[in-house]
1. When you check G97 against the structure, is it at pLDDT 80 or above, touching a Gly at 6+ places or on another chain (Cβ under 6 Å) and assigned to a loop (DSSP other than H, G, I, E, B), yes or no?
2. Filtering the stretch 290-324 down to residues that are in contact with a Leu (Cβ under 7 Å, 6 or more places away or on another chain) and not acidic (D, E), which residue is nearest to K250 (Cα to Cα)?
3. Please enumerate the residues belonging to the stretch 81-134 that are β-branched (V, I, T), touching a Leu at 6+ places or on another chain (Cβ under 8 Å) and closer than 24 Å to E182 by Cα.
4. Going through L183, L191 one at a time, which residue ends up being in contact with a strand residue (DSSP E or B) (Cβ under 8 Å, 6 or more places away or on another chain) and surrounded by 17 or more Cβ atoms within 10 Å (Cβ to Cβ)?
5. Answer with yes or no whether E249 is part of a helix (DSSP H, G or I) and either in contact (Cβ under 8 Å) with a residue 24 or more places away in the chain or farther than 23 Å from D348 by Cα (or both).
6. Sort through L61, L45, L104 and tell me the only one that's within 31 Å of the chain's Cα centre (by Cα) and either outside any strand (DSSP E or B) or aliphatic (A, V, I, L, M) (or both).
7. Check off (1) in the same structural domain as F18 (by TED's automatic domain parsing); (2) within 24 Å of A186 (Cα to Cα) for K67 and give me the number that stays unchecked.
8. Are any residues in the stretch 47-70 under 21 Å from G108 (Cα atoms) and either surrounded by fewer than 16 Cβ atoms within 10 Å (Cβ to Cβ) or of a type in the set (A, V, I, L, M, F, W, C) (or both), and if so, which ones?
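The values are calculated or read from the model by the stated rules, or taken from the named source; none is laboratory data. Please read all numbers here as calculations on a predicted model, not as lab measurements. Cβ coordinates were reconstructed from backbone atoms using ideal geometry, including for glycine residues, and neighbour counts include every protein chain displayed.
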Amino acid sequence: MLLFPLLAALMAAGDNDFDLRIRPGTRPGRVQVQAVLPKRLLAGLPRGKLTQEQGAPRLRLALVHAKTGREGDPILGTYERREGALLFKPRYRLTAGQRYRATLVLVGNRTLTRDYRVPRLRPGPRAEVEKIYPSASVLPANLLKFYIYFSRPMQESEAVFDRIQLLDADGKPVPDPWRRTELWSADAKRLTLWVHPGRVKQGVNLREDIGPVLVPGRRYTLHIGPTLCAADGQEIGKAFTKKFRTTAEKRTRPLPETWKLAPPAIGTTKPLVLRFPTPLDRALLDRFVQVMDLAGKPVPGRHEVGTEETSWSFHPRQPWKQSFYTLTVNGELEDLAGNTPLRLFDVDLTKPAPKRPKLTIRFLPAGKKASGQ
């Protein structure tokens, strides 16, 4: 999309010419910073993708404080040297209505700057928390993550970790519970919120020094504060809470051999139903379990995840045939503590590797036995 303007600027640039522009992308809050430089300023930069350490000394983008006019810390993103230009794309969307400043460092530490104010979005209904997974009210003390779904795209900012708290039974915040890495879905409507792994794994310094985030046999509240903002800058306006209590830490693998499979009836579109001894990761269940036909091809249909993520059902588009089918499981499917069929999240390296699990379940729809099988 930016190729032709970039080539035109390069063709017009002489050895002492330079240019700095901030170009909006097709999505709100997405931009690309484009710096056209003479060859002598690009001499120390390799072609292609660059690291933050390579690109930031020459080109940076920062939020401008609304009251003081001062720049904040450089925003993280990706750098690329393409021909005579240095390009930068921020990792996250910029905030609607805020002013940002791109700075290009020239010879003798002279600088060229360009300011850009992100257009305000037309305010719509306030965003709401639609659902939170795990959905159960009883969770293992080594719980690894929450999935929070919102009704509208949300503002991508590290401030989210200060506006979502974990409260103990007395209503006091648990200190530093989160892994402060933003993990949003492509539409910015789902946040994957990790409990800090360093406080989950046994023997890790952080857990030994500070203690685990969750303790077995206690009550907690996940509190999403009212100042959390949607992508248009509008606060959600009211708090949302999820209360739960903890059980002992779960340190066993979720093996498919322990699941209960209820075969469907031949000639019907009734669902195949799986039941799990303990809840599994809600988001991964959407991708890591599949039904295959006798030829090894995926069976067209849709799936549903049951109450408290302890069951999974598959509804075929066409009636079940008088034939064998195979349920396949990705070995990276996790339970609520990050354990998978292949390994424990908290691995004891002094013990021998566990036996590789069986990741397929062959089944025959109920009814008359398939001939020749």
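1. Here the answer is yes, as G97 does meet what is asked.
2. Checked the stretch 290-324; the qualifying residue nearest to K250 (Cα to Cα) is S311.
3. T95, V118, I132
4. Exactly one of L183, L191 is in contact with a strand residue (DSSP E or B) (Cβ under 8 Å, 6 or more places away or on another chain) and surrounded by 17 or more Cβ atoms within 10 Å (Cβ to Cβ), namely L191.
5. no
6. The match here is L61.
7. (2)
8. E53, Q54, A56, P57, L59, L61
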